[in-house]
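As C-alpha cells, the structure follows; a few thoughts come after it.
The values are calculated or read from the model by the stated rules, or taken from the named source; none is laboratory data. Bear in mind that the values here come from a model prediction, so they are computed numbers and not experimental data. Note that we place each Cβ from the backbone using ideal geometry, even for glycine, and neighbour counts take in every protein chain shown.
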Amino acid sequence: MIASIQNIFNIPELRRRIFFTLGMLAVYRIGCHIPTPGIDSQVLAQFFSGTEGTLLGLVSAFTGGALERMTIFALGIMPYISASIILQLLTVVFEPVQRLSKEGEQGRKTITRWTRYGTVVLSVVQGAGIAIGLQTMRGPAGEPVVTHPGIAFILLTIITLTAGTAFIMWIGEQITERGIGNGISLIIFAGIVANMPSAIVNSLRLVKTGAMGPMVLLLIVAAMVLVVWAIIFMERAQRRIPIHHAKRVVGMKTYGGQSSHLPLKLNMAGVIPPIFASSIIMFPATIASLVDIPWVRTVAGMMTPSNWLYNVLFVAFIIFFCYFYTAVTFNPVDVAENVKRQGGYVPGIRPGSETADYLDVVLGRLTFAGAIYVSAVCVLPTILVSEFNVPFYFGGTSLLIVVGVGLDTAAQIEAHLISRSYEGFMKGASIKGRRD
C-alpha cells in the first residue's frame, strides 16, 4: 500500500493533477469562510445553534458549514446539480433535447451551456429566498440577523450567492479537466468531510464529560465501519445476465460462439432519488419561510427529520424516484434489440420481446432491493440522532456521495498507475467506480 502511494508521486502528470485538485479544493474551502455582507455572524450562529435535527442542520452539513456561516458559497453546488439533473431527464423525456444529445461534441457543449444558464437561474431564485428569509430571522433575544434589511440587501445577497455558485461551478470544471476525479463530486465530497473533525472533537468531548460512555463510542465507531463496508459492497453489487453469441461464418473464418454478460447494478439510480426526495420534502419549509400562513407553517413543522411523517414520505419518494430514474435511463427494449442485433441471446430466453420482458422483471427486482437499501441508509441519521443521541449526522445522502466519490477517484488513480506499468493502488483488488 505504501509503495503504491509512492508510485503516485513518481508519475509527473498524476502528481500534477493531484496537487492541482488539492489546490482548487483549498480555494473552495477558503471561500466557505468569507461571509456575505450585511450579516451579523454572531446572531446567525445563535440562530443555527441546536438545528442538528432540522432541515437547516442537514443543508448546512451538506455545504460544509457554508450555509450556517452564510458565506459567499452558502448555496454550494446544489443549483448546478439540480440543473444537471433536469437537463439529464430532459434528454430522455423531451425529444428536442434528446436529439441534441446525439449530435456529438457540439450537442454536448450546447447542453453544458444550458446547464450553466439553468444554474444561474436557480441560484438567483434560491438566493432571493434566502435573502428574504434572513430578514425574518431573529436571535434568541429577538435581535435581527440582517443589520440593514431592505431591497439593497436582497439584491446584494442574490448577486453574492449567485457569483459564489458560478465560481464553484468553474472550480469543478477545472478540476475535471486538469485535475483528478469529477470536480463537482469532489467539491460536494470536500464540503461533507469538512464536518468530520468537529464531529470527532464533539464526540471526544462528550466522552470526557461523561455524557457518553467509552463503550457507546466504540459501538458507534464499529457501526460506522460496518455501514461504510455495506455501502461499498452494495454500490459495487450487480446482477450479471449471461449473454451467448451465436457463431457466424464470414468467408473462411468463424466468428462468435463466445459468452459475455450484461451487468445490471443493484443501485442503478445512484444518489439521484434521495436528492430529489429531499428537494420535494424541503419545499413546504421553503414556502413557509416566505409566507405567514398558520396552516402552511404547521405543515412545514411536520416536515422535519425528527417527525415520523417526514421519514415515511422520504422513504416513499426515494422508492418512487428509484423506479422512475431507472426507467428513464435504462430501456430493456432497446437493450434487447441491441443484443439481438449483435447476434446474442440470453440462455433459455428467446431474443427480442421475451428478452426485454425478462430484463424488465430482473431490473424491477433489483430496483426494489436497491430502493430499500438507499432508504435504509438515508433514514439512518435520524435513527442514530433520535434513538441513540449520536452527536453528529452519519449516513444518508452524504455518506452515499462520500463513498461513491471515493471509489471513483481511487479508480481513476488506479487507471493512471496501471497504464504506466505500475502496480495497482490496491493489491489483489479491482477498484470500480460508480456507473451512474
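Which of the residues belonging to the range 341-350 are more than 35 Å from the chain's Cα centre (by Cα) and within 11 Å of Ile243 (Cα to Cα)? Reasoning before the result, please.
Narrowing the range 341-350 to residues more than 35 Å from the chain's Cα centre (by Cα): 341-345, 347-350.
Correct list: Gln342, Gly343, Gly344, Tyr345, Pro347, Gly348, Ile349.
Can you tell me which of Ile158, Ile232, Ile184 is within 30 Å of Tyr373 (Cβ to Cβ), under 28 Å from the mean Cα position of the chain (by Cα) and outside the structural domain of Ala371 (by TED's automatic domain parsing)?
Just one listed residue meets the conditions, Ile184.
Take Thr112 and decide whether it is modelled with pLDDT of 80 or more and hydroxyl-bearing (Ser, Thr, Tyr).
Spelling it out, Thr112 is indeed modelled with pLDDT of 80 or more and hydroxyl-bearing (Ser, Thr, Tyr).
List the number of the failed condition for Gly396; all other conditions in (1) under 24 Å from Ile184 (Cα atoms); (2) small (Gly, Ala, Ser); (3) modelled with pLDDT of 80 or more hold.
(3)
From the list Glu173, Glu105, exactly one residue is assigned by TED's automatic domain parsing to the domain that holds Leu25, under 25 Å from Val402 (Cα atoms), acidic (Asp, Glu) and without any contact (Cβ under 8 Å) to a residue 60 or more places away in the chain. Which is it? Steps first, please.
Values: Glu105 fails: under 25 Å from Val402 (Cα atoms).
On inspection, the qualifying residue turns out to be Glu173.
Where residues in the range 119-165 are assigned to a helix (DSSP H, G or I) and among the hydroxyl-bearing types (Ser, Thr, Tyr), which of them is farthest from Met70 (Cα to Cα)?
Thr119
Which strands (runs of 3 or more DSSP E) does the range 230-330 wholly contain that include 3 or more residues that are at pLDDT 70 or above?
238-245, 259-265
Can you say whether Ile220 is in the same structural domain as Gly370 (by TED's automatic domain parsing), within 30 Å of Ala376 (Cα to Cα) and either of a type in the set (Phe, Trp, Tyr) or in a helix (DSSP H, G or I) (or both), as far as the supplied structure shows?
yes
Go through the range 173-190 residue by residue and tally those that are among the small types (Gly, Ala, Ser) and either part of a loop (DSSP other than H, G, I, E, B) or surrounded by fewer than 23 Cβ atoms within 10 Å (Cβ to Cβ) (or both).
Number of matching residues: 3.
For Phe153, which of the numbered conditions (1) over 28 Å from Gly76 (Cα atoms); (2) among the aromatic types (Phe, Trp, Tyr); (3) touching a residue at least 40 places away in the same chain (Cβ under 8 Å) fails to hold?
Unmet condition: (1).
Among the listed residues Phe167, Phe153, identify the single one that is of a type in the set (Phe, Trp, Tyr) and closer than 15 Å to Ile39 by Cβ. Even if it seems obvious, please write down each step before you answer.
Details: Phe167 fails: closer than 15 Å to Ile39 by Cβ.
Of Phe167, Phe153, the one residue that is of a type in the set (Phe, Trp, Tyr) and closer than 15 Å to Ile39 by Cβ is Phe153.
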